[in-house]
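Undergrad: This is the structure I want to talk about, given as C-alpha cells.
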Amino acid sequence: MFPAPHGVICGRLLGPVMHTTIAALRRRDAESPALGRYCEAAQILTGDPAAEPEDGASWVDVLWAELGLPGLSTYGLNEQSIPTVVAKARRASSMQGNPISLSDDELAATLRKAL
C-alpha cells in the first residue's frame, strides 16, 4: 500500500506491537507462556535479570529512536488509511504468529504509535 522498505515497517512496528501484545496478554491471558518469553527477551535485551516484558518493548523503542527510524507517516500512512491497513492486517498470515489475537482497536492504536 505504501512505498516503504519492508525492514523499516517491521522495525517501526516492533516496539508498538510488543507493547500492545504484552498489554493484551496481561489483560486477557495473564498465565500465557508468551509473557515468560517476553520477560526472557527483555532480560537479554536490557542485560537486567529483573527486567519485565515492558522493559524489552521500551528497549526496542529506544533503539529505533537512536537509529533514526522514520515514522510510517513518512511513507504515506495516515489516520485515514488505518482502517484499511487494519483490515488487510487481519487477513495477513503473519497475524497468526502473534500469541494473542488483537482487536481492530488494538491494531489501530498500534499503527498510530508507529506514525
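Undergrad: Which residues, taken from region 25-78, are in a helix (DSSP H, G or I), touching a Pro at 6+ places or on another chain (Cβ under 7 Å) and of a type in the set (Ser, Thr, Tyr)?
TA: Scanning region 25-78 gives Tyr38, Tyr75.
Conditions (1) in contact with a Ser or Thr (Cβ under 7 Å, 6 or more places away or on another chain); (2) without any contact (Cβ under 8 Å) to a residue 40 or more places away in the chain, marked per residue:
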| residue | (1), (2) |
| --- | --- |
| Gly15 | no, no |
| Arg26 | no, yes |
| Glu31 | no, yes |
| Ala34 | no, no |
| Pro53 | no, yes |
| Trp59 | yes, yes |
| Asp105 | no, yes |
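Undergrad: Hey, can you tell me all the residues within region 74-86 that are exposed (fewer than 13 other Cβ atoms within 10 Å of the Cβ) and either within 19 Å of Ala24 (Cα to Cα) or among the hydroxyl-bearing types (Ser, Thr, Tyr) (or both)?
TA: Matches in region 74-86: Thr84 only.
Undergrad: Could you tell me whether Pro5 is more than 16 Å from the chain's Cα centre (by Cα) and closer than 28 Å to Asn78 by Cβ?
TA: Criteria met by Pro5.
Quick note: the coordinates plus some simple rules give every number you see, no bench work behind them. If you're wondering where the values come from, they're calculated on a predicted model, not measured in any experiment. For neighbour counting, all protein chains shown are included, and Cβ atoms are generated from backbone atoms with ideal geometry for every residue, glycine included.
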